[in-house]
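All remarks here apply to the structure that follows.
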Amino acid sequence: MPDKDFFEKVFWIVRQIPYGKVSTYGHIGEAIGLKSSARMVGWALNSVAGDLSIPCHRVVNRNGELTGKRYFATPDMMREMLEAEGIEFIGEHVNMEKHLWVPSIKE
DNA sequence: CCGCTGACCCTAG
DNA sequence: ACTAGGGCCAGCG
């Protein structure tokens, strides 16, 4: 991964999340080099909330919970989008066992 | 420069 | 499943 701004790195990773998969703030943070700063990842996404070129709905916390749903147009939108991609839910959280995608670091 | 804030994460109880 | 505390990095007033 080329050396870019923090935001660029986050977007670069998030855009690589395949259809029907989800990733976590922690893994993304690790992928861009900020091992213990998963907060920054969500923060970066917040700055581009509404940008359809970035599938921010595929990013959840380590527990599979949709922590960012409140930043969407409606609280239900995030889940609707994920279910539309075939992602399974267990109660209020995503079935991580089945849909977790770990970002791979490559140029 | 200081202090607060945050779409998180870990550990402990 | 719950709460509480500490750490984390970047922006902003």
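The values are calculated or read from the model by the stated rules, or taken from the named source; none is laboratory data. Please read all numbers here as calculations on a predicted model, not as lab measurements. Using ideal geometry, Cβ is built from the backbone for each residue, glycine included, and neighbour counts are taken over all protein chains shown.
Taken as a whole, the structure leaves A:Ser53 outside the set of residues that are assigned to a strand (DSSP E or B), at negative phi and at pLDDT 90 or above.
Look at the stretch A:69-91: where a residue is touching a residue at least 40 places away in the same chain (Cβ under 8 Å) and a partner is exposed (fewer than 12 other Cβ atoms within 10 Å of the Cβ) and of a type outside the set (S, T, N, Q), sitting 6+ places away or on another chain with Cβ atoms under 8 Å, you get A:Glu85/A:Tyr19. Would you mind stating whether A:Gly33 is without any contact (Cβ under 8 Å) to a residue 40 or more places away in the chain, small (Gly, Ala, Ser), part of a loop (DSSP other than H, G, I, E, B) and under 14 Å from A:Pro103 (Cα atoms)? Against the criterion (without any contact (Cβ under 8 Å) to a residue 40 or more places away in the chain, small (Gly, Ala, Ser), part of a loop (DSSP other than H, G, I, E, B) and under 14 Å from A:Pro103 (Cα atoms)), A:Gly33 qualifies.
Taken over the stretch A:1-10, the criterion of being in a loop (DSSP other than H, G, I, E, B) and hydrophobic (A, V, I, L, M, F, W, C) is satisfied by A:Met1 alone. Checking the stretch A:11-24 against the condition returns a match, with at least one residue being more than 10 Å from DNA strand B (Cβ to nearest atom), part of a helix (DSSP H, G or I) and out of contact with any Pro (no Cβ under 6 Å at 6 or more places or on another chain). Here A:Ile28 fulfils each of the conditions (1) assigned to a loop (DSSP other than H, G, I, E, B); (2) among the aliphatic types (A, V, I, L, M); (3) in contact with a strand residue (DSSP E or B) (Cβ under 8 Å, 6 or more places away or on another chain) apart from (1).
Across the stretch A:39-50, which residue is surrounded by the fewest Cβ atoms within 10 Å (Cβ to Cβ) among those that are without any contact (Cβ under 8 Å) to a residue 24 or more places away in the chain and assigned to a helix (DSSP H, G or I)? This residue is A:Arg39. Of all residues in the stretch A:66-79, those being exposed (fewer than 13 other Cβ atoms within 10 Å of the Cβ) and charged (D, E, K, R) number 2.
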